[in-house]
Amino acid sequence: MDIEELLERYAAGERNFRYVDLSLSDLTGANLSAIDLSESDLSNIDFTNANLSRANLSRSMVMCTIFEGADLSYANLSGSDLTECHFIDANLVGANFSGSELFTAILRGANLSGANLSNVGLNVADLVGANLTNADLGGASLKSANITDANLTGVKNANISGAIIYTTTSPDGSVVRNRQICE
């Protein structure tokens with residue numbers, strides 16, 4: 001399926017696009033709210049400033065995709081491979097990433113408040129300045145992840161040992177400097 005067909009069918013009210021291959025596409029600024037792209041190949045797509053709120057991208061191959069400034073609030077990305085994705089300044093409020101792989105992903109300035117990051121691989125991820133308020137990090141791996149200046153207020157089940165921290169707000173709301181909570 002090409003992009004024009006997908007956008008046409010979406011505009012006509014269709015929302016189920018499971019198992020599609022949209023790799024190497026440009027969907028900058030597209031409104032695809034509540035679309036079902038589960039179990040699809042969404043690698044190397046540009047979703048800059050796109051609206052994917054409440055979208056279902058679960059169990060999809062989404063490597064090297066750009067979501068800068070995109071709205072993925074309450075989206076389902078569970079079980080997806082999101083290696084090397086860019087979520088800079090993205091709205092990820094309440095998003096479900098459970099069981100996903102975010103190895104080397106860039107989430108600078110992303111709003112992940114209330115997100116489900118349980119059992120997520122965030123190794124070597126860049127979470128500088130991210131808002132993780134009330135996020136669930138149970139079973140998540142943050143080895144060599146940079147969480148400098150991240151807001152971890154109210155984070156649940158966090159094990160941030162091995163993370164890189166220079167200054168951040170810890171789960172209890174206190175400001176921590178120089179890797180104090182990593183030792």
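Odds and ends about this structure:
- You can think of it this way: the chain between GLU8 and CYS64 has 17.6 nm of extra reach, that is 0.36 nm per residue less the Cα-Cα gap.
- Excluding ligands, DNA and RNA, the accessible surface per residue across the chain is 42 Å² with a 1.4 Å probe.
- Value of relative contact order over the chain, rounded to a whole percent, pairs C-alpha under 8 Å and six or more apart: 11 percent
- Farthest toward positive dipole pole in the chain [+1 Lys/Arg, -1 Asp/Glu at C-beta], among THR48, SER100, THR65: SER100
- Size of charge dipole - the chain - debye, nearest 20, with Cβ of Lys, Arg +1 and Asp, Glu -1, no other charges: 820 debye
- nm² value of the averaged projected area, convex hull over the Cα atoms of the stretch 19-122: 4.8 nm²
- Three-way shape label, the stretch 35-76, alpha-carbon gyration tensor, a/c 1.5: oblate
- Apolar share of the accessible surface for the chain: 45 percent from carbon plus sulfur atoms, 1.4 Å probe.
The values are calculated or read from the model by the stated rules, or taken from the named source; none is laboratory data. Computed from a predicted model, the values in this text were never measured in an experiment. Glycine gets a Cβ as well: all are built from the backbone with ideal geometry, and neighbour counts include every protein chain shown. Calculation scope for accessible area: heavy atoms of the full protein, side chains included, ligands and nucleic acids excluded. Shrake-Rupley method; radii C 1.70, N 1.55, O 1.52, S 1.80 Å.
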